[in-house]
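So the structure is just underneath, and the comments pick up after that.
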Amino acid sequence: MSDMSASASPAMTHLVPLAEVDPNKVTPGVLGFIVFAVMALAVWGLMKSMNRHMNKVDFKEVPDPGAKSGAPAADPEARRS
């Protein structure tokens, strides 16, 4: 067992400097920019598609046949009593 721990120790000491990160030097880099750009393009495309679909909607409200055409809408509280 001492052979394994002896051989693992130098390997771990070589990996320790890789684990130390200077917070002043960490940046998103090119990969972060690419991910952000793809997400921005996806949102732009979805908004354009939604706008196209909303422009196709032609909603015309049909008047209620039970309501009087000249009278204002009845008070909902008056209907309950």
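Just a few scattered comments:
- So Lys60, is it within 22 Å of the chain's Cα centre (by Cα), charged (D, E, K, R) and either at pLDDT 80 or above or in a helix (DSSP H, G or I) (or both): no
- Qualifying position, being part of a helix (DSSP H, G or I), surrounded by fewer than 10 Cβ atoms within 10 Å (Cβ to Cβ) and at pLDDT 85 or above, among Met54, Met50: Met54
The values are calculated or read from the model by the stated rules, or taken from the named source; none is laboratory data. Quantities reported herein were computed from a predicted structural model and do not represent experimental measurements. Don't worry about glycine lacking a Cβ; one is built from the backbone with ideal geometry, like all the others, and counts go over all protein chains shown.
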